[in-house]
Amino acid sequence: MALSTYSELQTSCLDWMTRSGATDYVAAAPDWITLAEARLNRKLGAVETDATLTGTIGSREIDISSLSIVQPISLFGTEPSNGEEWEVIEKPAGSYPFSDDNGRPRYWSKDGTNLEFNRPCDKAYSFRFRYRQKFALSDASPTNWLLTNHPDVYFTASMMWGAGYSEDWQNGAAWKTVLEQAIPEVRHEIAENNRRGMLSVDPALARIGQGPRYGWDGLED
């Protein structure tokens, strides 16, 4: 069972649901994952992670719309000739002068779904972008740190909602129990890794409903 991408996660959830007698749930699987992510984001919080971005010669912008950014942290460029990094300093949008001359960017700001530099790039620089990430898989962002390192947690949380969708309360309760056991372990790992600044993921890979009938739903808040 492959569980490294958004598509593979949907396929595996549907495969397991079919084994338990459920059919024709293809359209519902993305909802199970969305609901699982809502819970995981509340229980685990945003994680610090690195994304590798590439600048375009003659452009002062890089599209970051595929990244689920909670908070930008830092940006470092890499000189292609020797691999040395330099820090690109974050400034509030509109607080630094722009230059029309191509060169090595000195300042950056987040402008909507783009990173904006003070000048166009003169080379296709590679940038290491550090930010706080929420869990939000999509076709444009098919993987993240949690799915890469703890696919069992993503799968379990999604299957809990799959069982709820089919009103299979017994299996739902079983999936919830497994999830409850895993959450503290992952939370501890995130805390340790955040202290060391070690989380990373390649972005190129790179509203939860509660009601009386869902007696198995939810972890303690």
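Taking the options THR18, THR11, name whichever one is more than 19 Å from THR143 (Cα to Cα), assigned by TED's automatic domain parsing to the domain that holds TYR165 and outside any strand (DSSP E or B). Show your work before the answer.
Working: THR11 fails: more than 19 Å from THR143 (Cα to Cα).
Result: THR18 is the single residue among THR18, THR11 that is more than 19 Å from THR143 (Cα to Cα), assigned by TED's automatic domain parsing to the domain that holds TYR165 and outside any strand (DSSP E or B).
Scan segment 37-73 for residues that are on the phi < 0 side of the Ramachandran plot and more than 13 Å from the chain's Cα centre (by Cα) and report the count.
16
If you take the residues in segment 66-82 that are part of a strand (DSSP E or B) and hydroxyl-bearing (Ser, Thr, Tyr), which one is surrounded by the most Cβ atoms within 10 Å (Cβ to Cβ)?
The extreme case among them is THR78.
Tell me yes or no: at least one residue of segment 38-46 is modelled with pLDDT under 95 and assigned to a loop (DSSP other than H, G, I, E, B).
Yes - at least one qualifying residue is present in segment 38-46.
Any residue in segment 155-177 that is assigned by TED's automatic domain parsing to the domain that holds GLN10 sitting within a Cβ distance under 7 Å of a residue that is among the polar types (S, T, N, Q) and at pLDDT 95 or above? List the pairs, counting only those 6 or more apart or interchain.
Taking only residues 6 or more apart or on different chains, the pairs are TRP175/THR156.
The rows are residues; the columns are (1) modelled with pLDDT under 95; (2) closer than 26 Å to TRP145 by Cβ; (3) in contact with a strand residue (DSSP E or B) (Cβ under 8 Å, 6 or more places away or on another chain); (4) in the same structural domain as ASN144 (by TED's automatic domain parsing).
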{"residue": "SER59", "(1), (2), (3), (4)": "no, no, yes, no"}
{"residue": "GLN71", "(1), (2), (3), (4)": "yes, yes, yes, no"}
{"residue": "SER81", "(1), (2), (3), (4)": "yes, no, no, no"}
{"residue": "GLU87", "(1), (2), (3), (4)": "no, yes, yes, no"}
{"residue": "LYS91", "(1), (2), (3), (4)": "no, no, yes, no"}
{"residue": "THR113", "(1), (2), (3), (4)": "yes, yes, yes, no"}
{"residue": "PHE117", "(1), (2), (3), (4)": "no, no, yes, no"}
{"residue": "PHE129", "(1), (2), (3), (4)": "no, yes, yes, no"}
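Inspect segment 45-54 for any residue being of a type in the set (Asp, Glu) and more than 25 Å from LYS123 (Cβ to Cβ) and give the result as yes or no.
Yes - at least one qualifying residue is present in segment 45-54.
Residue check, SER166 against (1) modelled with pLDDT of 85 or more; (2) within 16 Å of GLU37 (Cα to Cα); (3) surrounded by 15 or more Cβ atoms within 10 Å (Cβ to Cβ); (4) not aliphatic (A, V, I, L, M), all met but one. Which one?
Status for SER166: all satisfied but (2).
The values are calculated or read from the model by the stated rules, or taken from the named source; none is laboratory data. This structure is a prediction, so every number in the text was calculated from the model and none was measured. Quick reminder, even Gly has a Cβ in these numbers, built from the backbone with ideal geometry, and neighbours come from all protein chains shown.
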